[in-house]
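Reading through the structure tokens given below for one structure.
The values are calculated or read from the model by the stated rules, or taken from the named source; none is laboratory data. Bear in mind that the values here come from a model prediction, so they are computed numbers and not experimental data. Note that each Cβ is placed from the backbone with ideal geometry, even for glycine, and that neighbours are counted across all protein chains shown. In case anyone asks, the SASA skips ligands and DNA or RNA and just uses the protein heavy atoms, side chains included. Shrake-Rupley method; radii C 1.70, N 1.55, O 1.52, S 1.80 Å.
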Amino acid sequence: MSIRPRPGDEVPELTARMARASNPGGTTAMWVRDRLDGLWRDEDFADWYPRDGRRGLSPAQLATVSVLQFLLGLSDRDAAEAVRCRIDFKYALGLELDDPGFHHSVLGDFRDRVLEGGRTDRLLDLVLARLKEAGLVRERTTQRTDSTHVLASIRDLTRLELVTEAVRAALEDLARTADHTLDGLVEEDWGRRYGRPVRLGKNPTRPKTRIATTGEDARRLLEHLSRHHPGLLGRPQVQVLRQVLVQNYYWDPAGRLRWRDDADADGPGLPPSADRIVSPYDPTARYARRGQVTRWTGFLAHVTETCSDDGPNVITDVATMSATSADTEVLPGIHTRLESRSLRPDQHLVDGGYTSLPHLEQAEREHRITLVGPLPGNPTRQHRRGDQLLRQHRGQRRHERRGRLHWRLQHHQRGQRHRHPGAHPPDPRPTRGRPATRTRPDRRRGLRGRGRGPRARRR
């Protein structure tokens, strides 16, 4: 498939007239066309396609459709239908009203091509250059960075399901590419164990037997390839199987496979989460946990955007890292990329996960960027002990205040007045020698003593 530039980038007259008549206020797609004059051009994708071959669709149009698809939350089918039926989409892409559009599977193929060789950063650079020319983003403003978790498109697997799926994925890969390598190895029982996706659950039947059988099958497969077909050991699925086998099994001194378990004090235990594969179909995904609530399997995305009061919020950088990585690892790379795009901020707002004294000093020295954010707490033992005592003291004071309030409300409802047990005790000093306090006279008793009560009238 080759690429050839379109003859013209102007919107057809009939398409423009119909779009203006049907949408006088404009839409998001029309705004992209009017304000930005298109985000890309076909010449920007010239090195993505070979020079010869059948002419393909315009990559600039497919990239614009992908952006509109994200902005409007459309699926591939809905986006392809919008290109075929909606006038504002035809206006944004510069198409005739009778243009039939394309099949929805083209968008998936285009995304696969974008993911090759760091092309996503190049597309973002082109978009930011267009936005900078339009005056929507500029240098030396205020920007902020925050992270969010990204879920991997995989199924949650138990450890036994992971090993079984790794064996099945390796067998499927070898059967497609070099099926002769499985001669003399695969038996009838293997078809029953690995012929379909495994779903065992957390409490499978005969778990110890399954663990031993699956580990032995994986060992036999790797030894067979190493002995007869060593060139196939570099296949991606075979490498994943080897890593999954090592992270879930170990060899005891007698040369037997043993199941790794953290509860076993004599065994080597499980590897850390940062090195542990959770799916054979996405070996880069990791399981991570933040706090007591957030748990996910996938990645961590760090998004940087402008946040000035005199302009729109524009994303200036996106960094995807491992889910187990620390936020501080990504900060120097963000500053370097922003400086290469001529979008270096004056102030960079971050949360406490990004800040530290070395990073504050590095950002100011190397990039002239003021990093603004709360510093992390003191991790020393004395500081933690002091914080613990302070929290205990505050909790005790809070408990006492709540107890006193409950006591007062309870006895107020009963019409009684008592001293709270947690209140200050009475003065233990003797009353003799102490100055007498003036008490308030009882008005009711005084009135009766003056002859105004019923007893005084009887007298």
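Considering Glu223, Glu305, which residue is in a strand (DSSP E or B), among the acidic types (Asp, Glu) and at negative phi? Steps first, please.
Working: Glu223 fails: in a strand (DSSP E or B).
Result: Glu305 is the single residue among Glu223, Glu305 that is in a strand (DSSP E or B), among the acidic types (Asp, Glu) and at negative phi.
Looking across the range 122-149, the residues that are hydroxyl-bearing (Ser, Thr, Tyr) and either free of Cβ contacts under 8 Å to residues at least 60 places away in the same chain or under 24 Å from Met321 (Cβ atoms) (or both) come down to Thr142, Thr145, Ser147, Thr148.
Restricting attention to the range 316-360, the residues that are in contact (Cβ under 8 Å) with a residue 40 or more places away in the chain, open to solvent by 20 Å² or more (accessible area, probe 1.4 Å) and not acidic (Asp, Glu) add up to 11. Filtered by the rule that a residue be open to solvent by less than 20 Å² (accessible area, probe 1.4 Å) and out of contact with any Asp or Glu (no Cβ under 9 Å at 6 or more places or on another chain), the range 176-206 gives Ala178, Thr181, Leu185. In the range 148-175, the qualifying residues are those that are open to solvent by 30 Å² or more (accessible area, probe 1.4 Å) and outside any loop (DSSP other than H, G, I, E, B), and the one that is nearest to Leu245 (Cα to Cα) is Arg159.
All of Ala16, Ala46, Ala21 fail the test of being open to solvent by less than 40 Å² (accessible area, probe 1.4 Å) and either within 34 Å of the chain's Cα centre (by Cα) or modelled with pLDDT of 90 or more (or both), apart from Ala16.
Among the candidates Thr214, Thr209, the residue that is under 25 Å from Ala285 (Cα atoms) and either open to solvent by 30 Å² or more (accessible area, probe 1.4 Å) or modelled with pLDDT of 90 or more (or both) is uniquely Thr214.
For the range 282-301, residues that are surrounded by fewer than 16 Cβ atoms within 10 Å (Cβ to Cβ) and within 19 Å of Ala169 (Cα to Cα) total 1. Screening Asp121, Asp78 for residues that are assigned to a helix (DSSP H, G or I), open to solvent by 20 Å² or more (accessible area, probe 1.4 Å) and either over 17 Å from Ala29 (Cα atoms) or touching a strand residue (DSSP E or B) at 6+ places or on another chain (Cβ under 7 Å) (or both) leaves exactly one candidate, Asp121. Summed over the range 81-113, the residues that are assigned to a helix (DSSP H, G or I) and either more than 17 Å from Leu14 (Cβ to Cβ) or of a type outside the set (Gly, Ala, Ser) (or both) give a count of 20.
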